[in-house]
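Chemist: Input: one structure, supplied below.
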Amino acid sequence: MSVFLLILKIIGIVLLVILGLIVVIALLALFCPFVYRVKGSYHEKNLQLQVRIWWLGRLLGLLSLIHISE
């Protein structure tokens, strides 16, 4: 009987840790804003765009460079 209770206890702790991580990620998504910057230029049918997106104080970021010419 004690082995069964030990297994249930371990499963409960693992589920609580997973639930806690989900709550922390949801709170970060709600209260930590995305920061973005877009720069662009258009010269003689050449379009250049630079898009930067940061989250969590530049901990996670994305940089996209787009060049379109005709």
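Chemist: Given R₀ = 35 Å, what would the calculated FRET efficiency be for residue 22 paired with residue 69, taking r from the Cβ atoms and rounding to 0.05? Write out the running numbers ahead of the final one.
Modeler: Working: r = 45 Å, r/R0 = 1.29.
For R0 = 35 Å, the calculated efficiency reads 0.20.
Chemist: In addition: So for the pair residue 52, residue 9, with labels modelled 7 Å out along Cα→Cβ, what separation do we get in nm?
Modeler: 5.2 nm
Chemist: Given the whole protein assembly as supplied and a 1.4 Å probe, what does the accessible area of residue 69 come to in Å², nearest 10?
Modeler: Here the residue's solvent-accessible area equals roughly 90 Å².
Chemist: Per residue, what accessible area does the chain have, given a 1.4 Å probe and all protein chains present, in Å²?
Modeler: Values: 6410 Å² over 70 residues.
Heavy-atom accessible area per residue stands at 92 Å².
Chemist: Could you tell me what a quarter of the Cα convex hull surface of segment 6-68 works out to, in nm² with one decimal place?
Modeler: Numbers: hull surface 24.6 nm².
Over every viewing direction, the Cα hull of segment 6-68 projects on average to 6.2 nm².
Chemist: Further question: What percentage of the solvent-accessible surface of the chain, computed with a 1.4 Å probe over protein heavy atoms, is contributed by carbon and sulfur atoms? Intermediate results must be reported in sequence, preceding the final value.
Modeler: On the way: 4660 of 6410 Å².
About 73 percent, which is the carbon plus sulfur part of the accessible surface.
Chemist: Scan the chain and report its longest stretch carrying no trypsin sites (Lys or Arg not before Pro) that are both in a DSSP loop and have at most 15 other Cβ atoms within 10 Å.
Modeler: Details: sites that count: 45, 58.
Looking at the chain, 1-44 is the longest stretch - no exposed trypsin sites (Lys or Arg not before Pro) with at most 15 other Cβ atoms within 10 Å.
The values are calculated or read from the model by the stated rules, or taken from the named source; none is laboratory data. Here the structure is a predicted model, which means the values were calculated and not measured. Heads up, the Cβs are rebuilt from the backbone with ideal geometry, glycines too, and the neighbour counts pull from every protein chain shown. Heavy atoms of the whole protein, side chains included, go into the accessibility calculation; ligands, DNA and RNA do not. Shrake-Rupley method; radii C 1.70, N 1.55, O 1.52, S 1.80 Å.
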